[in-house]
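Notes for the one structure printed next.
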Amino acid sequence: MVRSAILGTGSYLPKKRVSNKELEEIVDTSDEWIKTRTGIEARHIISDGETNSVLAQKAAEMAIEMAGISPEDLDLVIAATLTPDMPMPSVACLVQDAIGAKNAGAFDLYATCSGFLYGLTVADGLIRADISKKILVIGSETLSRRVNWKDRTTCVLFGDGAGAVVLGASSENNRGIMSACLHSDGSLGGLLTIRGLGTRHDLKKTLENEWQYIEMNGREVFKHATRALEAVSIEAIEAAGWADASMIDLFIPHQANIRIIEHMRERLGISRERVFINIDKYGNTSAASIPIALDEANRKGRLFPGARVLMSAFGGGFTWASVAMRW
Ligand code: ACO
């Protein structure tokens, strides 16, 4: 059976780092509140000249280099994002041009914080169907442009960044993506939304109502996220044919809140040292969070051949997803 495997990883964070202490000067918050409620200590934010596609390009180049391929070997670029440079052209097309992936198709995928796992699942299907050979899957976000820096309930949570992987066919039977589970519930979409800047409302109305910013009912999202993440993680473990979560060598959850991660870890029965956490450094980078964590884990030597890796994410829409793989 053909499986798809990750051949290379990359990630890139904007240079500018903003600590909780610095946010204390902008909104009525405290380092103590942010740390205890979320686990976040700092986040990286784009400066002038840095855009979503620039971050994505840098992460992509690292992944391509590690994979030992040429950009011309890619036949598809998928960029998961909810904060593209602009509606058209897509981030994927901007990256395709910037890296010289002359033989690749390119499209953006819009599934919020679960976007990278959705992208990985689509890419896995295309490779297993022998439609594509090598696919670049990116998760890249610049949510700093979509948060209201006067709203303490959201602005402390998010950060910018990008991660990328090159996916290709694996000749080894025991390597690659073993299962992928995708879910959604659009009826709850209003609990986490950016109402404006689509085509439903005109720009004047959007700006008057400040609908260009992210709005979130944090408590409700928290409740749904914990339930959904536990269920989808169990589903992916079972679909991979693993006895239970104790078989996982590294769990890479979406980095939205340390309390959500800790809740999941306890419910699934995974020991602390087998969970990868970097929310303290970067905050919630939405679709970029899992590929950034995956790249850091890879470069730190936390992944070894055959390692069982579980990745689970939850985000606006609502969407949620889990992918189980052997490294
Ligand atoms: N600093 C200080 N106080 C604050 C802050 C802040 N930054 N933000 C909120 N508070 C206050 C509130 O006003 C409230 O005060 P009150 O009791 O006087 O009304 C109090 O702190 C408690 O607020 P809660 O919202 O109940 O705090 P909670 O413990 O739920 O934490 C949080 C909020 C961190 C947002 C949490 O609910 C959460 O993480 N939710 C899930 C987020 C998530 O997973 N999102 C999904 C992915 S994002 C995406 O898809 C783009």
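The values are calculated or read from the model by the stated rules, or taken from the named source; none is laboratory data. Being a predicted model, the structure only gives us computed values, none of them experimental. All Cβ positions, even for glycine, are placed from backbone atoms using ideal geometry, and neighbour counts span all protein chains on display.
For the range 275-292, indicate whether the set of residues that are more than 18 Å from the chain's Cα centre (by Cα), within 16 Å of the ligand (Cβ to nearest atom), part of a helix (DSSP H, G or I) and over 25 Å from Gly168 (Cα atoms) is non-empty.
no
I need the full set of residues from the range 132-161 which are more than 15 Å from the ligand (Cβ to nearest atom) and under 12 Å from the mean Cα position of the chain (by Cα), in order please.
Val137, Ile138
Out of (1) within 16 Å of the ligand (Cβ to nearest atom); (2) surrounded by fewer than 21 Cβ atoms within 10 Å (Cβ to Cβ); (3) closer than 20 Å to Ala5 by Cβ, what's the single condition that is false for Phe116?
(2)
Condition first: over 17 Å from the mean Cα position of the chain (by Cα) and of a type in the set (Phe, Trp, Tyr). Can you find one or more residues in the range 25-34 that meet it?
yes
If the requirement is being among the small types (Gly, Ala, Ser), outside the structural domain of Asp295 (by TED's automatic domain parsing), on the phi < 0 side of the Ramachandran plot and within 14 Å of the ligand (Cβ to nearest atom), which of these qualifies: Ser47, Ser11, Ser53, Ser30?
Every option except Ser30 fails the conditions.
Every residue in the range 273-327 that is surrounded by 24 or more Cβ atoms within 10 Å (Cβ to Cβ), among the aromatic types (Phe, Trp, Tyr) and within 23 Å of Asp124 (Cα to Cα), please.
Hits for the range 273-327 are Phe314, Trp320.
Here is a yes/no grid of residues against (1) within 27 Å of Gly8 (Cα to Cα); (2) exposed (fewer than 13 other Cβ atoms within 10 Å of the Cβ); (3) among the aliphatic types (A, V, I, L, M):
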{"residue": "Thr193", "(1), (2), (3)": "no, no, no"}
{"residue": "Gly198", "(1), (2), (3)": "no, yes, no"}
{"residue": "Gln212", "(1), (2), (3)": "no, no, no"}
{"residue": "His224", "(1), (2), (3)": "no, no, no"}
{"residue": "Ala228", "(1), (2), (3)": "no, no, yes"}
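When you look at Ser4, is it in contact with a Lys or Arg (Cβ under 9 Å, 6 or more places away or on another chain), among the hydroxyl-bearing types (Ser, Thr, Tyr), away from the ligand (no atom under 16 Å from the Cβ) and closer than 30 Å to Asn173 by Cβ, yes or no?
The answer is yes for Ser4.
Just the residues that are away from the ligand (no atom under 12 Å from the Cβ), touching a Gly at 6+ places or on another chain (Cβ under 8 Å) and small (Gly, Ala, Ser), please, taken from the range 305-327.
Across the range 305-327, there are no qualifying residues.
Which of the residues spanning the range 62-78 are under 22 Å from the mean Cα position of the chain (by Cα) and assigned to a helix (DSSP H, G or I)?
Met62, Ala63, Ile64, Glu65, Met66, Ala67
All but one of (1) in a helix (DSSP H, G or I); (2) within 14 Å of the ligand (Cβ to nearest atom) hold for Ala59; which doesn't?
Only one criterion is unmet by Ala59, namely (2).
Looking at the range 246-272, which of the residues that are within 16 Å of the ligand (Cβ to nearest atom) and among the polar types (S, T, N, Q) is surrounded by the fewest Cβ atoms within 10 Å (Cβ to Cβ)?
Asn257
Looking only at the range 63-86, decide whether some residue is crowded, with 18+ Cβ neighbours inside 10 Å, free of Cβ contacts under 8 Å to residues at least 24 places away in the same chain and away from the ligand (no atom under 16 Å from the Cβ).
no
May I ask you to list pairs of residues, at least six apart or on different chains, whose Cβ atoms are under 7 Å apart, with the first in the range 295-324 being within 14 Å of Ile248 (Cα to Cα) and β-branched (Val, Ile, Thr) and the second being within 16 Å of the ligand (Cβ to nearest atom) and not in a strand (DSSP E or B)?
Cβ pairs passing all conditions: Val323/Leu117.
I need every pair where a residue in the range 204-219 that is free of Cβ contacts under 8 Å to residues at least 12 places away in the same chain has its Cβ under 9 Å from the Cβ of a residue that is surrounded by 13 or more Cβ atoms within 10 Å (Cβ to Cβ) and aliphatic (A, V, I, L, M), sequence separation at least 6 or different chains.
Close Cβ pairs satisfying both conditions: Thr206/Leu197.
Look through the range 119-131, keep the residues that are farther than 16 Å from Ala79 by Cβ and crowded, with 22+ Cβ neighbours inside 10 Å, and return whichever of them is farthest from the ligand (Cβ to nearest atom).
Looking at the filtered set, the residue picked out is Ile127.
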